[in-house]
Amino acid sequence: LTSGLETAWNKLKGEEVLSKENIVEPMRDIRRALLEADVSLPVVRRFVQSVSDQAVGVGVIRGVRPDQQLVKIVHEELVQLMGGEVSELVFAKSGPTVILLAGLQGVGKTTVCAKLANYLKKQGKSCMLVAGDVYRPAAIDQLAILGKQVDVPVYTAGTDVKPSEIAKQGLEEAKKKKIDVVIVDTAGRLQIDKTMMDELKEVKKALNPTEVLLVVDAMTGQEAAALVTTFNLEIGITGAILTKLDGDSRGGAALSVKEVSGKPIKLVGRGERMEDLEPFYPDRMAGRILGMGDVLSFVEKAQQVMRQEDAEELQKKIMSAKFDFNDFLKQTRTVAKMGSVSRVIGMIPGMGKVTPAQIRDAEKNLLNMEAMIEAMTPGLFFLLINDVTSVE
Ligand code: GDP
Ligand code: MG
């Protein structure tokens, strides 16, 4: 995905502004890159439309090239596509919080049960796991072993009891023990089938869970969209957990989930260890997909620092000769906010020819001046600004 997008930015090199005409080619590359990354087609269509609309309307930011601006717009849109903010887990106001996990076979549900308990334990919550996958005795053993590993109790009732019954019993047990969070494992199938859905519906009815999280393998690709849609329609989910992000997935599933279901990805699994579960950060994921952190922070800083009003106010002050040392200090600090002088210069296209020695000098001068101004009392300030000799 990253290299596919690279082609798009390159097509804008040498352009002055983003226009309806010059974004056609790059947008085609972006579309292709997203499709190749297994993002579902309707999602890609909406995405491309939205980015194009914004790109044409965007103004010019001083010092920022059009390709950099497009990177920024694509990034923002990716973040939005994935839900914008981090979506926290919801906890019940009273009684145990019940988290029901659903998903196809082999996606990582049982592993997530234990990882999630481990994760919540670190936040000071007591957890209990419930073995609701009754089809394979091995599944119950697996959960028991993982539970022991993270030191969390596991409720099991063998393979002869209905999952919804086990779930109910497990919840009762948890209430008795005043457990904060009950995490229920369920059986998956290789493909969506009616028996699995019916069983999940029944378990859900028995539990009235706070969270119903669909566990999705990041490698699912194009099918992720249909999968999430079906689970959401059939049983109603509150969010998703994306697993196996440590593998060489192309990221498509991450981009489709929110858009097709309206439900956010809440957590991601990045490995087989119990510690490998973390919140899902849309902006980090977007950054990873774009692989252009430098450009993003440059455009952001340029936007922040060169806020129009600031610039205008400053200009007025200079014109009316009211620009004093305080203003000067503010300006110096604005530059400092952007990072060291060398980094700021490095971010400005075409400024590569400034020598490191020149940059070091400039930085030293700024520091010296700042120290001098800081050391002044307002009185001395006054003397300096006004005619010093007249005070004698
Ligand atoms: P379930 O059938 O949905 O319960 O899936 P399991 O929890 O049994 O996991 C299936 C396999 O995927 C196991 O070998 C897990 O170790 C592995 N697995 C689960 N999550 C991850 C992950 O985030 N990264 C990697 N690399 N492997 C994982
Ligand atoms: Mg399992």
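Just so you know, all these numbers are worked out from the coordinates, no wet-lab data involved. Since we're looking at a predicted model, the values are computed, not measured. Heads up, the Cβs are rebuilt from the backbone with ideal geometry, glycines too, and the neighbour counts pull from every protein chain shown.
Per-residue Karplus couplings for region 42-58, computed as 6.51 cos²θ - 1.76 cosθ + 1.60 with θ equal to phi - 60°, are listed in order as x, 5, 4, 4, 5, 4, 4, 4, 5, 5, 4, 4, 5, 4, 5, x, 6 Hz, Gly and Pro entered as x. Computing Rg and the Kirkwood Rh from the Cα coordinates of region 87-139 gives a ratio, Rg/Rh, of 0.98. Dipole magnitude for region 210-265: computed about the Cα centre from +1 point charges on Lys and Arg Cβ and -1 point charges on Asp and Glu Cβ, it is near 120 debye.
Considering only the Cα atoms of region 2-84, their convex hull presents on average a projected area of 5.2 nm².
With the Cα gyration tensor of region 1-150 giving a ≥ b ≥ c as the square roots of its eigenvalues, does the rule (a/c under 1.5 for rounded; else a/b larger than b/c for prolate; else oblate) give rounded, prolate or oblate? Note, shape of region 1-150 comes out prolate. Counting only residues at least eight positions apart within a chain, or on another chain, the lysines with an alpha carbon under 23 Å from that of residue 11 are 20, 72. Ratio of Rg to Rh for region 69-223: 1.03 [Cα atoms; Kirkwood radius as inverse mean 1/r over pairs]. When both bridge partners sit in region 97-280, DSSP labels roughly 10% of those beta bridges antiparallel. Scaled against 2.2 N^0.38 Å for its residue count N, the alpha carbon radius of gyration of region 166-290 is 1.12. By the beta-carbon count within 10 Å of each Cβ, the least crowded to most crowded order of 72, 20, fewest first, is 20, 72. When both region 1-42 and region 70-100 are represented by their alpha-carbon centers, they are found 26 Å apart. Near residue 204, which aspartates and glutamates are there with a Cα under 18 Å away, not counting those fewer than 8 places off in the same chain? Those aspartates and glutamates meeting the cut-off are 133, 165, 172, 173, 185, 193, 234. If R0 equals 25 Å, the separation of the Cβ atoms of residue 281 and residue 91 corresponds to a calculated FRET efficiency of about 0.80.
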